[in-house]
Amino acid sequence: MELDRIPQTPETMGGKACVRGMRVTVGMIVGQTGAGRGIDEHVAEYPYLEREDNLQALKYAAWLAEGREVALGDAGKFLST
């Protein structure tokens, strides 16, 4: 998988994965997408972002989610008894 738009450099946002070295983090894009905003809305609101920037940010986040184990909260508290 090629993620040429998602570099990580210590000089930008403390080394967080950013879009094309700008101060736009993958986390910001994923968070807004999770809140219901679509890619077209991102591009309209942030004209310096391109559709492919958003797609690569989401691909990168999916890759991270599949490749690492993270301790999550107890799902049992959400299940009805």
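The values are calculated or read from the model by the stated rules, or taken from the named source; none is laboratory data. Keep in mind that this is a model prediction, so the values were computed, not measured. Every residue, glycine among them, receives a Cβ derived from its backbone with ideal geometry; neighbour counts consider all protein chains shown. For the accessible areas, the whole protein counts, side chains as well, though only heavy atoms, and no ligand, DNA or RNA atoms are used. Shrake-Rupley method; radii C 1.70, N 1.55, O 1.52, S 1.80 Å.
Taking the condition surrounded by fewer than 10 Cβ atoms within 10 Å (Cβ to Cβ) and modelled with pLDDT under 85, does ASP4 pass? Walk me through it before giving the result.
On the way: surrounded by fewer than 10 Cβ atoms within 10 Å (Cβ to Cβ): yes; modelled with pLDDT under 85: no.
Answer is no for this residue.
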Which ones in the stretch 28-54 are open to solvent by 40 Å² or more (accessible area, probe 1.4 Å), in contact (Cβ under 8 Å) with a residue 24 or more places away in the chain and in a helix (DSSP H, G or I)?
VAL30, THR33, GLU52
Quickly run through the stretch 9-27 and pick out the residues that are over 13 Å from the mean Cα position of the chain (by Cα), in contact (Cβ under 8 Å) with a residue 24 or more places away in the chain and outside any loop (DSSP other than H, G, I, E, B).
none
